[in-house]
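Here the structure is laid out as structure tokens; the discussion comes afterwards.
The values are calculated or read from the model by the stated rules, or taken from the named source; none is laboratory data. All figures in this text were calculated on a predicted structure; none of them were measured in a lab. Ideal geometry is used to build each Cβ from the backbone, glycine not excepted, and the neighbour counts take in all protein chains shown.
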Amino acid sequence: MIMILEMDEKNYNTLNLTLKQFMKIYRVKRNLTLKDMAKKLEISISYLSAIENEKRELSINFIESILDKFDFLEDEKNIFEQIVTNYFKKDIINKKKKLEEIELKFLYK
């Protein structure tokens, strides 16, 4: 983790980050504690911690809150948008697969 935090902005976007990893790196690079960031996002510290530790799924409302309440550098904004797009694409694909499985079970029941 230390190595990632010390990388410059040009290398930042070459990392294959999850959205949750990106948010943790963003928070730490700006010297924000979990408490600071949770307060700004108007969520509990435990909820933010669960997000950073990939124990909670992200909602569109949470993403919008991040965009509304934090200032991103241009590179960070581009990375954030790319990560968000990938995150929701994967979510849609997974939901589609589950739906197809349910349909197959229903058809062959």
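Just a few scattered comments:
- Here the condition is being touching a helix residue (DSSP H, G or I) at 6+ places or on another chain (Cβ under 8 Å) and modelled with pLDDT of 85 or more; of L15, L41, it holds for L41 alone.
- Every residue from the range 24-71 that is among the charged types (D, E, K, R) and on the phi > 0 side of the Ramachandran plot: E42, E54
- Restricting attention to the range 43-69, the residues that are within 17 Å of Y87 (Cβ to Cβ) and outside any helix (DSSP H, G or I) add up to 7.
- One residue from K40, K35, K24, K77 being touching a Phe, Trp or Tyr at 6+ places or on another chain (Cβ under 9 Å) and either among the polar types (S, T, N, Q) or part of a helix (DSSP H, G or I) (or both): K40
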